[in-house]
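Heads up, the thing below is written out as structure tokens.
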Amino acid sequence: MTWTQINTATPVLNTPDFEAVFGGPSGNAIPLNSFGHPKHFEFVALKGMRFEVVDQIGTYILQIRSPSYSDEPLYVDRRFCQPVDEAAPPSLNLSAQAILERMETRVGAAYVWGGNWADGVPEMLLYYPPRSPLDQRTQTLWTLQGLDCSGLLYEATHGATPRNTSHLLRFGRTVLQTEPLQVLDMILYPGHVLFVRDQTTIIESKSPFGVRICSFEKRWNDICDLCRGDANVGASFTIRRFLEQKKPTSQTLPNAAKIFPFSEGNSQLRFKYFHQGT
């Protein structure tokens, strides 16, 4: 078994054709999906991460495996890597407050689908140079200089937490309606995650705003609006906790049910939340 270690942050794609992703026929485009997000970006592998090498394709591209992320083929540019002898899984040894403080330093960062390294990967402009100068948004995508919703947490924990929201739905345990919320509790609904910041606010990375701090009230109203338009949102809403507070903090947070009032008008939302498994 062959392993590779990431020397500096690098994009992980779902296709080996990096030239088509960074440039394409026009030489200046990033292929987007119907939502306007890069269709071939998966995540950014961070410095020190290790992956099993499945194959080498051409001069520069490695096919890698990352079972904790996906069983589908994944690809990196080997110019960002070096061979190593064994795996080294990341470990989570930070407090919730320390992780939150890291996340807060990213307020104002752009939203980039597949982004989990706000500083970006400027080397992509060198290895895959555009044919002509890029507009600001395309350059941000080209260098993955931003964060998506789960990428905000992934960067702050240096890859020790699941990379996408579907896996975060099974990460940690459900927070009961009678429990006080804690810093970094995850508020999840299909395709998105928000994080408890303090008594009245959350932090998130959301398209098109990027990383921002918002009030519970505003976001709860937003979620209720989504529920009225899409029953699947209400049916999958949950709050989960992956770090337990070992000692009380200086701030007392309210119970989950006080922040998120599960009224009769939100019966579908209430049902899934109260019955979400651990």
Legend entry - In region 133-157, the residues that are surrounded by fewer than 17 Cβ atoms within 10 Å (Cβ to Cβ) and touching a residue at least 24 places away in the same chain (Cβ under 8 Å): Thr138
Inset, instruction - State whether one or more residues within region 59-68 are within 19 Å of Leu152 (Cβ to Cβ), modelled with pLDDT under 95 and surrounded by 13 or more Cβ atoms within 10 Å (Cβ to Cβ). - result: no
Inset, instruction - List the number of the failed condition for Glu72; all other conditions in (1) loosely packed, with under 14 Cβ neighbours inside 10 Å; (2) at pLDDT below 95; (3) under 17 Å from the mean Cα position of the chain (by Cα) hold. - result: (3)
Inset, instruction - State the number of residues belonging to region 84-109 that are within 27 Å of Asp198 (Cβ to Cβ), among the hydrophobic types (A, V, I, L, M, F, W, C) and part of a loop (DSSP other than H, G, I, E, B). - result: 4
Inset, instruction - Count, please, the residues in region 172-206 that happen to be of a type in the set (Phe, Trp, Tyr) and modelled with pLDDT under 95. - result: 1
Legend entry - Flag if Thr138 is touching a Leu at 6+ places or on another chain (Cβ under 7 Å) and not hydrophobic (A, V, I, L, M, F, W, C): no
Inset, instruction - Pick out the one residue from Cys227, Cys214 that is of a type in the set (A, V, I, L, M, F, W, C), part of a helix (DSSP H, G or I) and either at positive phi or over 16 Å from the mean Cα position of the chain (by Cα) (or both). - result: Cys227
Legend entry - Residue in region 141-155 that is assigned by TED's automatic domain parsing to the domain that holds Gly24, under 17 Å from Pro31 (Cβ atoms), in a loop (DSSP other than H, G, I, E, B) and of a type in the set (Val, Ile, Thr) present: yes
Inset, instruction - Run down Pro25, Pro89, Pro83 and say which single residue is at pLDDT below 95, touching a strand residue (DSSP E or B) at 6+ places or on another chain (Cβ under 9 Å) and surrounded by fewer than 13 Cβ atoms within 10 Å (Cβ to Cβ). - result: Pro89
Inset, instruction - Those residues that are more than 22 Å from Thr143 (Cα to Cα) and under 24 Å from the mean Cα position of the chain (by Cα), I need them from region 46-65; list them, please. - result: Glu52, Val53, Arg65
Legend entry - Answer residue from region 188-209, given it is out of contact with any helix residue (DSSP H, G or I) (no Cβ under 8 Å at 6 or more places or on another chain) and either surrounded by fewer than 18 Cβ atoms within 10 Å (Cβ to Cβ) or in contact (Cβ under 8 Å) with a residue 60 or more places away in the chain (or both) and is nearest to Glu101 (Cα to Cα) among those: Asp198
Inset, instruction - Among the numbered conditions (1) at pLDDT 75 or above; (2) surrounded by 15 or more Cβ atoms within 10 Å (Cβ to Cβ), tell me where Leu269 comes up short. - result: (1)
Inset, instruction - Give me a count of the residues in region 54-72 that are in contact with a Pro (Cβ under 8 Å, 6 or more places away or on another chain) and outside any loop (DSSP other than H, G, I, E, B). - result: 4
Inset, instruction - Of the conditions (1) touching a helix residue (DSSP H, G or I) at 6+ places or on another chain (Cβ under 6 Å); (2) over 24 Å from Asn33 (Cα atoms); (3) at pLDDT below 95; (4) surrounded by fewer than 17 Cβ atoms within 10 Å (Cβ to Cβ), Arg102 clears all except one; give me its number. - result: (3)
Inset, instruction - Considering each residue of region 28-53, count those that are surrounded by fewer than 17 Cβ atoms within 10 Å (Cβ to Cβ) and outside any loop (DSSP other than H, G, I, E, B), and give that number. - result: 2
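The values are calculated or read from the model by the stated rules, or taken from the named source; none is laboratory data. Note that the coordinates shown come from a computational prediction; the quantities given were computed from them, not determined experimentally. Every residue, glycine as well, gets a Cβ built from its backbone with ideal geometry; the counts of neighbours run over all protein chains shown.
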